Amino acid sequence: MADDDRLARLTRLRREPPPLRPVVVVERVELSPRLLRLTLAGDGVRELKVDEPAASVRLLVPTPGIDELVIPEWDGNEFLLRDGTRPVLRTFTPLRVDNVDGTLDLEIVRHPGGAVSEWAEHVEPGALAAISGPGTGYSYPDRARHLIVLADETALPAAVQLASMAPASLTSTIHVEIVRGDAVIDVDLRDGDSIEWHVTEPDVTPGARLVDVVRSLEEVPDGTHVWAAGEASAMHAIRTHLFDTLGVERKRATVRGYWKPARR
């Protein structure tokens, strides 16, 4: 049985991600009742080349109840602590990266029960963390003229990047689902771009408002591409409607499940 387990383990080995590099929290800003911005600094940020929008970094924070930051090891499939447990490691879009100063900004949704969210609520300048990355971002299609962006609060930084970094020939329509009206933040838009905020209710399935937006589309015209990210089951519904109902070519849509609700 041990040999079978070892063989099964070897067959699912994954490519090792970039190493985790120490960073220090230098600033914490409350953007809204639902969003925090942390500025992190460290030598590793100087080497972090983020050239594409909607790229990602992994953020490691101390395990709850333990003040010390322990760097886990890659076991061929995932990062694990020495006792075999999983560290508190989550993926975020780096909103701003300054390779000269060695700083980057991450925006974190404030919600009860989230290990990183709880840490970010109480963290103070000088606290240690670590980052790994970057992960692959989005490449604008050569012939795209318009981009429909669908995002919940976890994907808001990526949505803003997709619009702000787009070539001048590409306009963007952004739809953002938020759980309360005071979660709206100011977003600088280019001429021709627009953003619409969709406030949901506590008893509505996460992502349902974004699914409604997609189901309201009669077609996705040639030259229009779609980027969507948020709760996994909502993204599955969006993907199904785009491909199976509207007949959108798969190369014209990027749909990413960013998270799943906690099991009860």
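The values are calculated or read from the model by the stated rules, or taken from the named source; none is laboratory data. As the structure is a computational prediction, the values presented were derived from the model and not from experiment. Positions of Cβ are backbone-derived with ideal geometry, glycine not excepted, and every protein chain shown enters the neighbour counts. Areas reflect the complete protein model, heavy atoms only, side chains present, ligands, DNA and RNA absent. Shrake-Rupley method; radii C 1.70, N 1.55, O 1.52, S 1.80 Å.
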**Asked** Yes or no: Arg145 under 22 Å from Arg215 (Cα atoms) and among the basic types (Lys, Arg)?
**Response** yes
**Request:** Pick out the one residue from Asp222, Asp203 that is modelled with pLDDT under 95, acidic (Asp, Glu) and farther than 21 Å from Leu95 by Cβ.
**Result:** Asp203
**Prompt:** Which members of segment 139-175 meet the condition of being more than 21 Å from Val50 (Cα to Cα), of a type in the set (A, V, I, L, M) and either open to solvent by 10 Å² or more (accessible area, probe 1.4 Å) or assigned to a loop (DSSP other than H, G, I, E, B) (or both)?
**Reply:** Ala144, Ile148
**Asked** Tell me, which residue of segment 94-116 that is in contact with a strand residue (DSSP E or B) (Cβ under 7 Å, 6 or more places away or on another chain) and assigned to a loop (DSSP other than H, G, I, E, B) is most open to solvent (accessible area, probe 1.4 Å)?
**Response** Arg110
**Request:** Select, from Glu16, Glu47, Glu121, Glu27, the only residue that is surrounded by 13 or more Cβ atoms within 10 Å (Cβ to Cβ) and either hydroxyl-bearing (Ser, Thr, Tyr) or touching a residue at least 24 places away in the same chain (Cβ under 8 Å) (or both).
**Result:** Glu121
**Message:** I'd like to verify a number: residues in segment 74-88 that are touching a residue at least 40 places away in the same chain (Cβ under 8 Å) and either aromatic (Phe, Trp, Tyr) or not in a loop (DSSP other than H, G, I, E, B) (or both), how many?
**Reply:** 2
**Request:** Among residues belonging to segment 76-93 that are of a type in the set (Val, Ile, Thr) and open to solvent by 40 Å² or more (accessible area, probe 1.4 Å), point out the one that is farthest from Pro18 (Cα to Cα).
**Result:** Thr85
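Return a yes/no flag: does segment 63-73 have any residue that is part of a strand (DSSP E or B), touching a residue at least 24 places away in the same chain (Cβ under 8 Å) and open to solvent by less than 40 Å² (accessible area, probe 1.4 Å). Talk me through it step by step, then tell me what you get.
Going residue by residue through segment 63-73, those that are part of a strand (DSSP E or B) are 73.
So of that shortlist, the ones also touching a residue at least 24 places away in the same chain (Cβ under 8 Å) come out as none.
Checking segment 63-73: not a single residue is part of a strand (DSSP E or B), touching a residue at least 24 places away in the same chain (Cβ under 8 Å) and open to solvent by less than 40 Å² (accessible area, probe 1.4 Å).
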**Wholly enclosed strands (runs of 3 or more DSSP E) of segment 190-264 bearing at least 3 residues touching a residue at least 60 places away in the same chain (Cβ under 8 Å)** = 224-231, 253-259
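Out of Ser233, Ser216, I need the residue that is touching a Pro at 6+ places or on another chain (Cβ under 9 Å), of a type in the set (Ser, Thr, Tyr), surrounded by fewer than 17 Cβ atoms within 10 Å (Cβ to Cβ) and farther than 28 Å from Glu30 by Cβ. Which one?
Details: Ser216 fails: touching a Pro at 6+ places or on another chain (Cβ under 9 Å).
Matching residue, one of Ser233, Ser216: Ser233.
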**Request:** Find the residue count for segment 30-41, including only residues that are open to solvent by less than 60 Å² (accessible area, probe 1.4 Å), of a type outside the set (A, V, I, L, M) and under 18 Å from Glu124 (Cβ atoms).
**Result:** 1
**Asked** Can Gly257 be described as in contact with a strand residue (DSSP E or B) (Cβ under 8 Å, 6 or more places away or on another chain), open to solvent by 40 Å² or more (accessible area, probe 1.4 Å) and among the small types (Gly, Ala, Ser)?
**Response** yes
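From the list Glu107, Glu68, Glu118, Glu78, which residue is among the acidic types (Asp, Glu) and in contact with a helix residue (DSSP H, G or I) (Cβ under 7 Å, 6 or more places away or on another chain)? Talk me through it step by step, then tell me what you get.
Values: Glu68 fails: in contact with a helix residue (DSSP H, G or I) (Cβ under 7 Å, 6 or more places away or on another chain); Glu118 fails: in contact with a helix residue (DSSP H, G or I) (Cβ under 7 Å, 6 or more places away or on another chain); Glu78 fails: in contact with a helix residue (DSSP H, G or I) (Cβ under 7 Å, 6 or more places away or on another chain).
Answer to the selection: Glu107.
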